[in-house]
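S.K.: Submitted below is the structure of interest, expressed as structure tokens.
The values are calculated or read from the model by the stated rules, or taken from the named source; none is laboratory data. All values reported here derive from a predicted model rather than from experimental measurement. Note that each Cβ is placed from the backbone with ideal geometry, even for glycine, and that neighbours are counted across all protein chains shown.
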Amino acid sequence: MASMRDIKRRRSSIQGTQQITKAMKLVSTVKLQRARAGAEKSKSYFDCMYETVNNILGRVGHVEHKYLKPGQSQKKAVIVITSNRGLAGGYNSNVVKLITRHESWNKDDVVIYSIGNKGRELLKRAGYEIKEELPEVIEDPAYADAMLLTQRLLEAFERDEIGEIYLAYTAFKNTVSHIPTLLRLLPVERDEKEAAGNSEGAAAIMNFEPEDVEALDLIIPKYITSLIYGAMMEAVASENGARMQAMDNATSNAEEMISDLALKYNRARQGSITQELTEIIAGAEALG
């Protein structure tokens with residue numbers, strides 16, 4: 001059985017850790033409130049762009065366009081959005097699993113555009129090719145960053161360096177619910193339910209000025225940019241929500257450990273007192 005000194009030292013150490021986890025929980029709570037507000041503001045723009053593109057694709061029917069069919073290359077570019085720091089439970093590993101456990105993907109055909117250090121570290125260790133590292137982007141997401149990344153990806157797509165573009169991130173549903181999500185950005189997929197609803201309510205065929213191909217050349221890059229930017233905003237909110245939960249659980253676990261150690265300390269102290277009394281009584285009887 002551990003001595004009272006060992007128990008006291010361990011309890012003091014856990015109390016110090018508990019103070020840190022409490023502080024981290026408070027910081028994450030404040031950051032979550034700000035990040036959630038940003039995610040909610042960007043979501044309306046994202047939803048509008050999503051509905052607009054599906055409305056267009058639903059009305060134009062079959063259109064021959066470079067962004068609506070896979071490229072010649074077998075390479076798949078995956079934008080992976082994770083955090084730069086840990087202590088967020090399974091937040092980072094759950095996003096990485098979307099890629100490493102994808103049944104139909106060959107590791108050699110996947111190139112990673114990493115936003116956040118944790119995803120890069122895990123995927124590089126798993127043997128994936130890291131094409132670009134953008135850890136600073138997730139610290140303060142900006143639409144301009146998403147636009148520049150979209151331009152580089154579309155240029156690579158047009159040069160047939162990559163044939164498809166995917167986005168892996170954590171969607172923010174609410175404070176306690178965060179959903180790892182994998183989306184295909186290119187070639188653009190039409191939401192059949194959304195398109196069916198649009199076609200049923202559409203009385204006239206959509207006309208374009210300029211031509212439909214030129215219109216898609218303008219709209220689809222903005223559509224992809226909005227998806228990436230919206231994903232970054234939701235990822236930041238999800239990260240802070242996950243860290244807040246992880247630190248809350250750590251604080252509760254520390255409290256349980258402290259209570260258990262306090263009980264052990266009292267038992268050890270009681271045992272020590274009992275032993276001392278027994279020795280005193282035995283010594284008194286021996287003298288008598």
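S.K.: Hey, any hits in segment 2-13 for a residue that's modelled with pLDDT under 80, touching an Asp or Glu at 6+ places or on another chain (Cβ under 8 Å) and farther than 29 Å from residue 234 by Cα?
M.R.: No, every residue in segment 2-13 fails to be modelled with pLDDT under 80, touching an Asp or Glu at 6+ places or on another chain (Cβ under 8 Å) and farther than 29 Å from residue 234 by Cα.
S.K.: Considering segment 131-141 alone, what residues qualify as being in a strand (DSSP E or B) and free of Cβ contacts under 8 Å to residues at least 40 places away in the same chain? It would help to see each step written out before you state the result.
M.R.: From segment 131-141, those in a strand (DSSP E or B) are 131-133; that's our starting set.
Across segment 131-141, the qualifying residues are 132, 133.
S.K.: So, of the residues in segment 106-130 that are in a loop (DSSP other than H, G, I, E, B) and buried (at least 17 other Cβ atoms within 10 Å of the Cβ), which turns out to be farthest from the chain's Cα centre (by Cα)?
M.R.: The qualifying residue farthest from the chain's Cα centre (by Cα) is 128.
S.K.: Of the conditions (1) of a type in the set (S, T, N, Q); (2) at pLDDT 90 or above; (3) surrounded by fewer than 16 Cβ atoms within 10 Å (Cβ to Cβ), residue 177 fails just one. Which one is it?
M.R.: The single condition residue 177 does not satisfy is (2).
S.K.: With the condition kept exactly as written, say whether any residue in segment 153-166 is of a type in the set (Gly, Ala, Ser), modelled with pLDDT of 95 or more and not in a helix (DSSP H, G or I).
M.R.: no
S.K.: Check segment 68-87 and report whether any residue there is in a helix (DSSP H, G or I) and under 22 Å from the mean Cα position of the chain (by Cα).
M.R.: Kept after step one, since they are in a helix (DSSP H, G or I), are these residues of segment 68-87: 68.
From the residues that got through so far, the ones that are under 22 Å from the mean Cα position of the chain (by Cα) too are none.
Among the residues of segment 68-87, not one is in a helix (DSSP H, G or I) and under 22 Å from the mean Cα position of the chain (by Cα), which makes the answer no.
S.K.: Another question about this same structure. Return yes when residue 62 is modelled with pLDDT under 90, surrounded by fewer than 19 Cβ atoms within 10 Å (Cβ to Cβ) and not in a helix (DSSP H, G or I) and no when it is not.
M.R.: Criteria met by residue 62.
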